[in-house]
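Here, each number is a calculation from the coordinates, and none is a lab measurement. Everything numeric in this text was worked out from a predicted model, so none of it was measured. Note that each Cβ is placed from the backbone with ideal geometry, even for glycine, and that neighbours are counted across all protein chains shown.
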Amino acid sequence: MAHETDAVREFYAAWGRGDLDAAVAVFGDEAVWSAPPGLEDAGLSGVVKGPGEIGALLARAREVLDVRPEVDETVAGDEQIVVFGTAAVRGALTGTSGSAPFVDVWRFADGRAVEVAGRHSTAPARDVLAADGGDGLRGLSTDFMLSQLLRSAVDLGVFPALADGPLPAAELAARTGLHPRGAADFLDALAALGLLARADGRYGTTPVTARYLADPDADPYLGGLFAYVGSHWYWSWGRLPEALRTGESQSYGGAAPYDAIHADPGVTEGFQRAMAGASTALRAALAGLDLWRGFATVTDVGCADGALLSRVLTAHPHLAGTGFDLPTAEPGFDRTVARYGTAGRLRFAGGDFRTDPFPAADAVLLAHVLIDWDEDVRRLLLARAFDALPEGGTVLVVDTLVEDARDAASAAGLLVSLHMLVDQRGGPSYTAGEVTGWLRDAGFDGVEVRALSGFDRLVTATKPKRNDSV
Ligand SMILES: C[S@@+](CC[C@H](N)C(=O)[O-])C[C@H]1O[C@@H](n2cnc3c(N)ncnc32)[C@H](O)[C@@H]1O
């Protein structure tokens, strides 16, 4: 049976790599494959006959469960080969995975397989199918509840109320203004989700919520992000179907987003706090870059409250910086500078970056700015960055990019792109190749793209020295 054993092993290898034509070549025309009961709903149980039907069953197993069989051992007898192995399964939607040992008994006649009887537990496959086919999908429908729960805790001041230590439910409810009707469910839901710690009838922060949500004046503080997303973006995303039908932004009552944000000091501050929360990891990653050593000055274009720039300057005491944003950004910028103690080295310049030149510096940072605009404005901003730099100066562009393939690796970039549609007016998300082209057209060279933090990538480029280009 040596030849048959090789054929059986080749069958599993071919199935695993998805070469189903090669896999079914082992079967005779009348071959019968019987799969154990338990997966009828997925069409993966029962008896199929002939290479065509067997091939279809194998293809379906790969499609819905991404089955990858690994043979551990084969035992050959006079008429049959028993195969012991392990099949890994993985759900395409949720990525839920599992594995099950299997025992397949093969019978051969005249060198072709005529029967395979499979024995394995179907429980792991059923778990994956449940998560993928229903439970996982159903969970997606209510994910907004989690972000609204956390946003409500932030709005009501739950975490700062616990900054000095745990409190009994009644006292926490009184401090945060909770109505008795929902108070227990609200606090217990936060505890059940691991956002509060409950012990001996008292509620406290967890290490994560203490670090990121308990002190609105600290860096890091993510509460501003939850507050703004939960009030503004939640609302505009609720109108995504409308945006998809019309191509129109749904936010800010139809006004240009930054006009609306900067028309109301409360909204300006809320937006700036959201940006500061969103860029928490980015601040650390940017501040940790070696390249700052090569500059004396930096301009942060679209600096919002100046948290990015302040963090970079704190880490690099030799640097001086200018934050450039719409004039109404200044009060928030001043608050941040006071908090970081960077006042002596950091100044604010108010202006409109579409019409005003950028303040000159050795480095110009555009973080989450290009994404907001269409290609014409992106090119204009890169041209202004070029003008603001000395020869040898560097532009730094930070955004979440999409890959050319627009596959799973681009999911975050595609959602950002849809956010531009529904909440802003610019976009769409762009690729490394596109921004490289815009930078080169603006006169830059030495373009480099690297991962920075989270989904953000850093694109740097240099303004050539005049004798570089001759
Ligand atoms: C998405 S935020 C990015 C904030 C910050 N760079 C970050 O990464 O967290 C874009 C910034 O561009 C500013 N901005 C929008 N339009 C502008 C304009 N015409 N001139 C100057 N700044 C503008 C906004 O006020 C906002 O602070």
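Things to note:
- Were the residues from ARG466 through ASP66 laid out at 0.36 nm apart, the gain over their Cα-Cα distance would be 138.4 nm.
- Residues MET275, MET1, arranged from fewest to most other Cβ atoms within 10 angstrom of their Cβ, appear as MET1, MET275.
- Solvent-free Debye calculation, one equal scatterer per alpha-carbon of region 142-215: log10 I(q)/I(0) at 0.12 Å⁻¹ equals -0.26.
- Between VAL82 and ALA130, the FRET efficiency from the beta-carbon distance, with R0 = 30 Å, is close to 0.45.
- For region 262-280, backbone nitrogen atoms closer than 17 Å to the point 7 Å from ARG354 Cα along Cα-to-C-beta are found at 262-263.
- Counting other Cβ atoms within 10 Å as a rough exposure proxy, the listed residues THR268, THR400, THR246, THR297 run THR246, THR297, THR400, THR268 from fewest neighbours to most.
- Cα convex hull of region 229-339 - mean projected area over all directions, nm²: 8.0 nm²
- Seen from all directions on average, region 398-470 presents a Cα convex hull projection of 5.6 nm².
- Contact order relative to length of region 248-368, as percent, for alpha carbon pairs under 8 angstrom and 6 or more apart: 27 percent
- Ellipticity estimate at 222 nm from DSSP helix runs (n ≥ 4, -39,500 (n - 2.57)) divided over the chain, nearest 500: -12000 deg cm²/dmol
- Note on the chain: along the principal axes its Cα atoms extend 88, 75, 45 Å, ordered by decreasing extent.
- Counted without the sites themselves, the longest stretch of the chain free of GluC sites (Glu not before Pro) in a DSSP loop having at most 16 other beta carbon atoms within 10 Å is 80-247.
- Distance-filtered residues of region 432-470 - backbone nitrogen under 13 Å, label point 7 angstrom along ALA281 Cα→Cβ: 451-457
- Neighbourhood net charge (13 Å Cβ-Cβ; Lys/Arg +1, Asp/Glu -1) for THR322: -3
- Each principal axis of the Cα atoms in region 252-468 has its own extent, and those three values, largest first, are 48, 43, 31 angstrom.
- Centroid-to-centroid separation of region 291-344 and region 434-466 [C-alpha atoms, Å]: 22 Å
- Ordering SER147, PHE159, SER121 by Cα displacement along the dipole of region 98-188 toward the positive end leaves SER121 in first place; charges were set at the Cβ atoms of Lys, Arg (+1) and Asp, Glu (-1).
- Region 141-213: relative contact order in percent, alpha carbon pairs under 8 Å with at least 6 residues between: 34 percent
- Principal-axis analysis of the Cα atoms of the chain puts helix 432-442 at an angle of about 30° to the longest axis.
- Taking the number of Cβ atoms within 10 Å of each Cβ as an exposure proxy, the fewest-first ranking of VAL395, VAL75, VAL267, VAL67 is VAL75, VAL267, VAL67, VAL395.
- Acute angle (nearest 10 degrees) that the helix 375-388 long axis makes with the longest principal axis of the chain, alpha-carbon atoms: 50 degrees
- Neighbours of ARG112, meaning other residues whose beta-carbon lies under 12 angstrom from its beta-carbon, give a summed charge of -4 when Lys and Arg score +1 and Asp and Glu score -1.
- Net lengthening on full extension, VAL377/VAL105 (0.36 nm per residue, minus Cα-Cα): 91.3 nm
- The distance between label points at ALA174 and GLU242 comes to 4.3 nm (points 7 Å beyond Cα on the Cα→Cβ vector).
- Across all C-alpha atoms in region 2-139, the radius of gyration and Dmax reach 14.8, 52 Å.
- Helix 50-65 axis, angle to the chain major axis (alpha carbon atoms, nearest 10°): 30 degrees
- Using C-alpha pairs under 8 Å with a sequence gap of at least 6, the mean separation divided by the residue count of the chain gives a relative contact order of 8 percent.
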